[in-house]
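Chemist: Please find one structure pasted underneath; my questions will follow.
The values are calculated or read from the model by the stated rules, or taken from the named source; none is laboratory data. Everything numeric in this text was worked out from a predicted model, so none of it was measured. A quick note on method: Cβ atoms are made from the backbone with ideal geometry, for glycine too, and the neighbour counts reach across all protein chains shown. Just the protein is used for accessible areas: all its heavy atoms, side chains included, with ligands, DNA and RNA removed. Shrake-Rupley method; radii C 1.70, N 1.55, O 1.52, S 1.80 Å.
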Amino acid sequence: MTVFRLLPLSLALSTALCASVQAQSLVEMYESARAFDAAYQSAKSQFDANLAKADQARAGTLPTVNLTANANQSSFYNSALNPTDRDFSNRTMGVTALQPLYRPANWLTFEQGKKQSLLAQAVLRTAEQDLIVRVSQAYFDVLASQDSLTFVVAQKAAVAEQLASAKRNFEVGTSTITDTREAQARYDLVIAQQIAADNDLRVKKIALDQLTGKAEAKPKPLKLPLVLPPLSANTVTTWVARSEEILPAIQQALLNLDVAKLETQKAEAGHKPTLDLSGSFSGTQNVSGSTTPNVGNH
């Protein structure tokens, strides 16, 4: 008996949990869109590629080391009075190191790489802000469409009551047929508005699903009463000055200007001399002697 008494309570709790899981917050929608949206993923891949280019630009200022190795094997046969048949092995190994000391073009390329890395971060922030705007717009479009549909449904119930009242008044003779037909027209208009609101809600849900990559996405409604935090700055001048410092679009323009200036300096440095520090070491090992006869110098 206890099991059957607890069963309805368990079903009610599971239903409530499922309903809460289905509804998703704006942050959850944004995280889903980050993993699915093609425009953001393209910006993220371009960001990774630009970081790799920055590392490539840095490579021009680092030392390079080359290691070479060679192995040869030969056979020697002497058909003189004492015929001999011998095998000889020759092994050669060498190491060469080069460290740039003064290469203006390489250092300017390295500086360009650092600027391009910051530029890639600004571009990625722009993509993130654009995604936030698109997800927020789609999220609140669905909520607004739901509110519109709820309002039309409530209006439909009121108009239906007015239509029923008009029909009753006509039957008892207290109103004319014109009043009944006007009430019917208002009811038909509300039905059309309900169909339009329902179709609009379907379209807005599809747009949100395509953006987040989720089927039947269900945004959470806003908590009432809604209280927005106060703005930290009250003057337009403060906002303009702050946007000049942190706005990604302005940062991109400034960084592009720096990259162009470095490109000009790199072209001007083309006639300058370069200085490198290089060193090499090589060794040869002859196994089982050599086919070259020994010649003594006196």
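Chemist: Taking the alpha-carbon distance from Lys44 and a cut-off under 16 Å, which lysines remain once sequence neighbours fewer than 8 residues away in the same chain are dropped?
Modeler: Straight-distance partners of Lys44: Lys53.
Chemist: Could you calculate the FRET efficiency of Leu231 with Ser165 from 1/(1 + (r/R0)^6), where r is the beta carbon distance between them and R0 is 51 Å, rounded to 0.05?
Modeler: Computed FRET efficiency for Leu231 and Ser165 comes out at 0.55.
Chemist: Using a 1.4 Å probe, what is the accessible area per residue for region 142-298, in Å²?
Modeler: On a per-residue basis, region 142-298 sits at 74 Å².
Chemist: Each residue of region 263-277 in order: what ³J(HN,Hα) in whole Hz does its phi give by Karplus 6.51 cos²θ - 1.76 cosθ + 1.60, θ = phi - 60°, with x for Gly and Pro?
Modeler: Values per residue, Gly and Pro as x: 5, 5, 5, 5, 5, 5, 7, x, 8, 7, x, 10, 9, 10, 9 Hz.
Chemist: Tell me the carbon and sulfur percent of the accessible area for region 70-214, rounded to whole percent, probe radius 1.4 Å.
Modeler: 56
Chemist: Could you check the spin-label model distance between Ala260 and Asn66? Points 7 Å from the Cα along Cα→Cβ, value in nm.
Modeler: Placing both labels 7 Å beyond Cα along the Cβ direction yields 3.9 nm.
Chemist: Kindly rank 131-139, 275-283 from highest to lowest mean number of other beta carbons found within 10 Å of each residue.
Modeler: 131-139, 275-283
Chemist: Still on this structure: Which distance in nm do the two modelled labels at Ile132 and Ala157 give, with both placed 7 Å along the Cα-to-Cβ direction?
Modeler: My value for the distance between the label points is 3.9 nm.
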